[in-house]
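As structure tokens, the structure follows; a few thoughts come after it.
The values are calculated or read from the model by the stated rules, or taken from the named source; none is laboratory data. Bear in mind the structure is a predicted one, so any value in this text is a computation, not a measurement. Cβ atoms come from the backbone with ideal geometry, glycine included; neighbour counts cover every protein chain shown.
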Amino acid sequence: MVIVGGGAVGSATAYFLATDPDFTGHIVVVERDPTYARASTPLSVGGIRQQFSIRENVEIGLFARAFIGQAPELLAVDGEAPDLGFVEGGYLFLASEENRAILAENHAVQTEAGATIVWLDTDALTERFPWINTDGLAAGTLGERGEGWIDPNTLLQAFKRKARSLGVRYVTGEVTAIDRIGGKVEGVRLADGSRIACGHCVIASGANSGAVARLAGVELAVGPRIRTVYQIDCRTPLKPRLPLTIDTTGVFVRPEGTGYVCGVSPPEDDDPESWAIEVDWRWFEEVVWPSIAHRIPAFEAIKLTGAWAGPYDYHALDQNAVIGRHPEIGNLLMATGFSGHGLQQSPAAGRAIAELITHRAYQTLDLTRFGYERVLAGKPLRERNIV
Ligand SMILES: Cc1cc2nc3c(=O)[nH]c(=O)nc-3n(C[C@H](O)[C@H](O)[C@H](O)COP(=O)(O)OP(=O)(O)OC[C@H]3O[C@@H](n4cnc5c(N)ncnc54)[C@H](O)[C@@H]3O)c2cc1C
């Protein structure tokens, strides 16, 4: 079988297939750029959370946390255990009066699914985080356990290394054609003219997945949207430590080393599909800094120390992943379109694809609602917490 794309999702898929004793085939991962210079995974900020509004996304986040806890053991090779650098710093979602009811509904879904999220009214917010300005706030929710951030590239390399140690073959090359006869993919063709025959083909091509799907004659609205992450320093220490905080404006800020990283998604009408991976400085001055300085007055005096940009694997239908088998092309599977959640969703997505290939049905989490069927039906599955 062939996996197109060796980022976190493709490599997690390879890993879960290779560890399933019922899987007997050969696994080839085709990756066009083993430096991952333009891939989403190493350019992400590595957040892991359970604060979603769709129950499956909460469950995926719980599995991410459990997997990360076991990763040093599960992904060790020759006794060398990866250190993913998990910082259990929590996520703090803030809501205005207008959005308080949505926050409460989301909180109920999360708690029912087993996530450890606490509800904080404004007094509790001030008591817990004396550095916060509660002006315009009605409440917040905080992940007390299980949420935080990891080093994304370490997770990718650990999946890859482990998969290789289990016999997975990584081939450097760009898939430029997919041979399909009727409802079956027969193989993929690479830019160098070579061809790899396959029993299954998995599209895990990140922000390029829409283009790869089209090679198989499949419409999928997944393409690159550029996001900028700004790095700042602040001389006033925040005590206790800042969780990954998401303000009512949608701006996020979290600690990174001795400083902080922050950013925001641009407005939809100023967010074109593009592979021009360039820092957009506009949002820092116009949106990000005013927002964090209002919410955390210590950030009125900060120093902008750098920035980087990376492509979101953006699914235009509903900003949620497409995971599963194509209903009419039975051996074509997809795990893509994560729109900003793909790093934390890579363990669950990889496991899900491995279950579908090996057992023809989900064995653990039922991710049917993420299937391509909703794309065909034009029925979005929307989160009410998108960052
Ligand atoms: C700034 C930023 C912040 C983010 N923050 C978070 C976060 O906090 N938490 C979180 O969970 N997620 C976050 N994400 C999203 C996350 O990074 C992605 O959803 C995730 O990395 C997707 O993994 P992937 O393996 O599908 O894609 P990628 O890492 O992009 O890997 C896909 C691979 O496919 C290869 N490929 C594509 N086309 C072909 C082809 N034709 N032939 C061969 N190879 C091909 C590419 O070279 C690439 O290496 C963030 C993303 C960005 C940009």
Item checked: Residues located in segment 363-385, provided they are farther than 22 Å from Val218 by Cα and aromatic (Phe, Trp, Tyr) -> none
Notebook entry, point to check: In segment 65-80, how many are over 18 Å from the mean Cα position of the chain (by Cα) and within 16 Å of Leu166 (Cβ to Cβ)?
Noted result: 8
Next item on the list: For Tyr260, work out the one condition from (1) outside any strand (DSSP E or B); (2) farther than 20 Å from Val9 by Cα; (3) of a type in the set (Ser, Thr, Tyr) it doesn't fulfil.
Entry: (1)
Item checked: Qualifying residue in segment 333-354 (condition: surrounded by fewer than 18 Cβ atoms within 10 Å (Cβ to Cβ) and either on the phi > 0 side of the Ramachandran plot or touching a helix residue (DSSP H, G or I) at 6+ places or on another chain (Cβ under 7 Å) (or both)) -> no
Next item on the list: Among the candidates Ile27, Ile48, single out the residue that is over 17 Å from Leu155 (Cα atoms) and either within 9 Å of the ligand (Cβ to nearest atom) or modelled with pLDDT of 95 or more (or both).
Entry: Ile27
Next item on the list: Would you point out which residue out of Ser291, Ser346 is assigned by TED's automatic domain parsing to the domain that holds Ala108, small (Gly, Ala, Ser) and in contact (Cβ under 8 Å) with a residue 12 or more places away in the chain?
Entry: Ser291
Next item on the list: Quickly run through segment 330-357 and pick out the residues that are under 24 Å from Gly310 (Cβ atoms) and either more than 16 Å from the ligand (Cβ to nearest atom) or of a type outside the set (A, V, I, L, M, F, W, C) (or both).
Entry: Thr336, Gly337, Ser339, Gly340, His341, Gly342, Gln344, Gln345, Ser346, Pro347, Gly350
Notebook entry, point to check: Is it the case that segment 233-241 has a residue that's within 15 Å of the ligand (Cβ to nearest atom), in a strand (DSSP E or B) and not charged (D, E, K, R)?
Noted result: no
Checklist line | Every residue from segment 35-45 that is near the ligand (Cβ under 8 Å from one of its atoms) and either surrounded by fewer than 18 Cβ atoms within 10 Å (Cβ to Cβ) or outside any loop (DSSP other than H, G, I, E, B) (or both) | finding: Arg38, Ser40, Thr41, Pro42, Leu43
Note to self: Looking at Arg369, Arg325, Arg360, can you tell me which residue is within 19 Å of Gln51 (Cα to Cα) and either of a type outside the set (A, V, I, L, M) or within 16 Å of the ligand (Cβ to nearest atom) (or both)?
What the structure shows: Arg369
Next item on the list: Tell me, yes or no, whether segment 85-98 has at least one residue that is in contact with a helix residue (DSSP H, G or I) (Cβ under 7 Å, 6 or more places away or on another chain) and not in a loop (DSSP other than H, G, I, E, B).
Entry: yes
Check: Mind checking whether some residue in segment 142-165 is away from the ligand (no atom under 16 Å from the Cβ), assigned by TED's automatic domain parsing to the domain that holds Ile54 and in a helix (DSSP H, G or I)?
Finding: yes
Margin query: Contact list please: Cβ distance under 9 Å, first residue in segment 36-55 and without any contact (Cβ under 8 Å) to a residue 12 or more places away in the chain, second residue more than 6 Å from the ligand (Cβ to nearest atom) and part of a loop (DSSP other than H, G, I, E, B), pairs at least six apart or on different chains.
Written below: Ala37/Ile277
Check: Among the candidates Arg227, Arg195, Arg235, Arg241, which residue alone is surrounded by fewer than 16 Cβ atoms within 10 Å (Cβ to Cβ), touching a helix residue (DSSP H, G or I) at 6+ places or on another chain (Cβ under 9 Å) and in contact (Cβ under 8 Å) with a residue 12 or more places away in the chain?
Finding: Arg235
Note to self: Among the listed residues Asp318, Asp313, identify the single one that is within 12 Å of the ligand (Cβ to nearest atom) and within 17 Å of the chain's Cα centre (by Cα).
What the structure shows: Asp313
Margin query: Looking at segment 170-190, I want the residues that are more than 18 Å from Val9 (Cβ to Cβ) and near the ligand (Cβ under 10 Å from one of its atoms) and have a partner that is outside any strand (DSSP E or B) and among the polar types (S, T, N, Q) with Cβ atoms under 8 Å, at least 6 apart or on another chain. Which pairs are those?
Written below: Gly173/Ser194
Check: Scanning segment 1-24 for residues that are within 13 Å of Gly167 (Cβ to Cβ) and of a type in the set (Phe, Trp, Tyr), which turns out nearest to the ligand (Cβ to nearest atom)?
Finding: Tyr15
